[in-house]
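Working notes, beginning with the structure itself.
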Amino acid sequence: MSEETTNKQEMPEQLSDILLVLDKEKMKIQAVKSIDENGKMETVDPTKKNQNQFMRVDKSGDFFSNFFSNFFSQLKNPTNFTFFKVPASVAAEKAEELQKHVDKPTPQGEKVLKEHEVKAEPQPDKKQENQNNMATAQTTTETSEYRYKPEQIDWDTMKNLGLSKEYLEKRNLLDPLLRGYKTNELLPIGINLGGSILRTDARLSLQQAEDGNVIVAIHGIKREPNLHFEFFGHKFTDEDKKNLLETGNMGRVVNLVNSKTGDLMPSIISIDRLTNDVVALRTEFIKIPDEIKGVKLNDEQKQTLMEGKPLYLEGMISSKGTEFSATVQFNADKRYVEFLFDRSNNNQQAQTNQQNTQQSNQQSQPQEAPRTFRGKELDDEQYNKFKAGQTIYVELKDKKDQPYKGYITFDKDTGKTNFEFPGQYKARVEPAETHKTQTAVNSEGKTNEATKNVQEPLKSGQQRPKNEKQQEQQDNKPEKSKGRKM
């Protein structure tokens, strides 16, 4: 039996739940079949005859939460629908039962509907998610340590996500996974749902389950950080929320409670700017460098950073030899001191800027140019030019799979990739069309056929003689004598 056949037979067992939906306008329960690129959901009658068309979803809590969050965010007019998750083996029967409760509402029926309902908004019970975030952020204390071995990874699961060992190695993402870190960039993954495939972006990490096996954790993108509920016993103050939303870092040390032992864990808290996860790091794992960009830190400055507070530094020297000043702060998710160039009060703008900017690692770990930009992997020739600081032309696709084009340039000092549409790029690097003739003739010593005999400098936008005098010069006509005829 081939490997492909084996995977197809095992899939229904792994993805064992069915997603049902109630259309609030029609008040009819249907089974979800798929969702297209425009956010339109396709459904079928929830009968046994149609069960092969049902969208199957993983029944595990974390995996399903990530899937449904992404599914819900892509859906057009999501408020028109209520979703329910039921076991695949009894999907038709459960759909019929739920429909009866919809047709004839009763208190008991309302309870049954709530029992199976799936909500897109964060739920109060975030314990497991918090444990995952804490575990991911504290798996190793030294960057030289490897927590996992390649052979411990479930490569079949990776294959089902559309990933391979060779792909991860090529993009330099396997090494951080083996060290116990999350991938430092979003990865495009495909989740096979039986009747359809969900494609989304996520960060990955490796975690050890209670049975000792190493599992792949998927960190999907959330709409916003979950700051409304307690995080390991810590209730976020208004100031905490403000700092986290503006800078990505809370700015102080708090005692978190170990959910298993009850021990207190002095920790700092940051936001994963790529996924909006809340991430904590125990202070014992914080490593502050002795020097940042040529500025040697004194004990007081080191203590400020150890406490998770921002620190303003002057007189730093960039890799180009220029002096600059900036605010720096230790980030729990990145696990190094980062630059805070943008302290915008606008949360959405701050998050957008931070997602598009990967600051250089201040612990003598220079920032490398990313191999992928907005889901587009650069070929070897493009990447070599890109990482050298040259501007390269790329063809990309937006979230609705529509193509667009532009130019990207990597800034080694800030770790930022700058993008320009073709019109922006040409306006910056080329003179405007109306000024090209003026620039070429006056500054570059070139000749314009229509004005080659004009003796005066050309004016802005000028491409031909502007008056009778210049026209005579161009035509090589001698000027009329104003002397008395003899």
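No value in this document is a laboratory result; all are computed from the given coordinates. Predicted model, so just to flag it, every value in this text is computed and none were measured. Using ideal geometry, Cβ is built from the backbone for each residue, glycine included, and neighbour counts are taken over all protein chains shown.
Some notes on this structure:
- The fewest-to-most ranking of LYS114, LYS416 by surrounding Cβ atoms within 10 Å reads LYS114, LYS416.
- Evaluated at q = 0.18 Å⁻¹, a Debye calculation over the C-alpha positions of region 238-355 (equal weights, vacuum) places log10 I(q)/I(0) at -0.96.
- Extension gain from LYS159 to ARG464, taking 0.36 nm per residue of separation minus the Cα-Cα distance: 103.3 nm
- With eigenvalues of the C-alpha gyration tensor scaled by 5 and rooted, region 372-429, Å: 18, 15, 10
- Rounded to the nearest whole Hz, the Karplus-based 3J(HN,Hα) values (6.51 cos²θ - 1.76 cosθ + 1.60, θ = phi - 60°) of region 255-260 follow the sequence 8, 8, 9, 5, 5, 8, with x at glycine and proline.
- Among SER267, SER319, sorting on how many other beta-carbon atoms sit within 10 Å of each Cβ, with the fewest leading, yields SER319, SER267.
- With a Förster radius of 45 Å applied to the C-beta separation of GLN471 and SER325, the computed FRET efficiency comes to 0.20.
- Annotation for region 164-233: GluC sites (Glu not before Pro) lying in DSSP loop with at most 10 further Cβ atoms inside 10 Å of their Cβ are GLU210.
- The amide H of TYR336, built 1.01 Å from its N in the peptide plane, has ASN331 as neighbours under 5 Å, considering only residues 5 or more places off or on other chains.
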